[in-house]
Amino acid sequence: MAAGFAGYLEILGARHAARLLAGTLVGRLPNATAAIAIVLFVRAEGGSYSLAGALAAVYGVANAVGQPVLGRLVDLYGQPRVQLPAALAAGAAMTVFACAGTEPPALAWTAVAAAGLFTPPLEGGLRALWPAVLRREEQLHTAYAMDAVAQEVMFTVGPLLVTLCVSLWSAQAALVLLNAVGVLGALSVVLSPPSRAWRSAPREAHWLGALRSPGLLVLLGAFLFVGIALGSITVAAVPYADAHGGDAVYGWLMAALGLGALAGGAVYGTREWPGAPERRLRVLVALLAVCYVPLTLMPGAVAMVLLTVVSGVFLAPCIACAFIIVDRHAPRGTVTEAFSWLVTTFTVGASVGTGVAGPVVQAGGALGGFALPAAAGAVSLLVLLATGPVLAPPGGEAVVAASSENDPDRAAEPRFSSGDRA
């Protein structure tokens, strides 16, 4: 791994790398801000916390369904033929929701579900492109860390953009504008030479696709609860902000969460860590769970923002470590689908977190909501500890090579014809 922060600069200097990273981040803006934008929009329409949480959860569940399906289509047919139509459909659906509001209910629920379902799998697509853009193995590992850090930039800036749009115009305008910008980001990615040229390697025909990997299933189970932790904070922060300054405080809390993850991920990516990432992930998840506990103190706004920064420090390192584990455990030919399953599981978890936190907050206030992240983090750690042998490093201490596919041993899998495609 390149030394220090110079490794990030080296990657950004590679041809097409900056465009792909920036386009992916901008293209993901609607998805990264959807939960916050939907909550604020429903509140502006006079809806309850429970309705806001439920609609955000519907978006997340639909997104979770669409990501692996679209990811498999990308592996089969390439990125431009799938990503751009999906981005246009998702943006149009969210615009319908913004214009129609929460009435009639059937239209609102359908539009939100469609927006989530057609969200393009830009994250998985970017991670599939990195080996084609970066030829050295140490650069690939640094790129995954930088990818996680860059996402946290979006999670830091995104809430501020939402609240800024709401304060300058309206919650409705925020939904429309952010989705329009997202389509432009997707367009930038799919028109790039690496995206147009990329093709997945032949894959073994199996209806489970990437999910036939036991190690990947364990990782997804653990990240479901990491997502629950993050999603519950999104809702729990709303009543806290209402009592300590309103929407501006809410935006700062969400931005602080991303800022902490940004800082932690930036430091994490500047060095090469010893040992297998499977074991390292357990330590990172334990630290993540511990850092959620102080949120239950609920001090004044300034102190709460600082605690929220601390609570996010280990999120990006967990995600970056998970990227490497996906690389090591995903079957050959399922690169986009495998990464999309990680996105899906995290999104489902966040959606479950928002859905559960809504009634909890309604019944017990912000304190109950802020107790959920630490509990979810603890369960995630228990999953990793209980399934240690399943998530053991494949082939001992095998590492990921910077090549067109991610299967560590490159071996054809038994019982299936290597000429078939799933």
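The values are calculated or read from the model by the stated rules, or taken from the named source; none is laboratory data. Quick caveat, the model's predicted, so the values are computed rather than measured. Please note: Cβ atoms are built from the backbone with ideal geometry, for glycine as well, and neighbour counts cover all protein chains shown. Ligands, DNA and RNA are excluded from the accessible area calculation, which covers all protein heavy atoms including side chains. Shrake-Rupley method; radii C 1.70, N 1.55, O 1.52, S 1.80 Å.
Okay, here's what the table says:
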read-out	value
Filtered residue count, the stretch 92-118, keeping only those that are in contact (Cβ under 8 Å) with a residue 24 or more places away in the chain, assigned to a helix (DSSP H, G or I) and open to solvent by 10 Å² or more (accessible area, probe 1.4 Å)	7
Selection status of L88, farther than 16 Å from S192 by Cα, part of a helix (DSSP H, G or I), modelled with pLDDT under 85 and open to solvent by 20 Å² or more (accessible area, probe 1.4 Å)	no
Residue list for the stretch 261-283, restricted to those being within 30 Å of V162 (Cα to Cα), touching a helix residue (DSSP H, G or I) at 6+ places or on another chain (Cβ under 7 Å) and surrounded by fewer than 24 Cβ atoms within 10 Å (Cβ to Cβ)	A266, Y268
Residue within the stretch 34-54 that is hydroxyl-bearing (S, T, Y), in a helix (DSSP H, G or I), free of Cβ contacts under 8 Å to residues at least 40 places away in the same chain and open to solvent by 20 Å² or more (accessible area, probe 1.4 Å) present	no
Tally, over the stretch 221-260, of residues that are acidic (D, E) and either over 15 Å from V162 (Cβ atoms) or within 14 Å of the chain's Cα centre (by Cα) (or both)	1
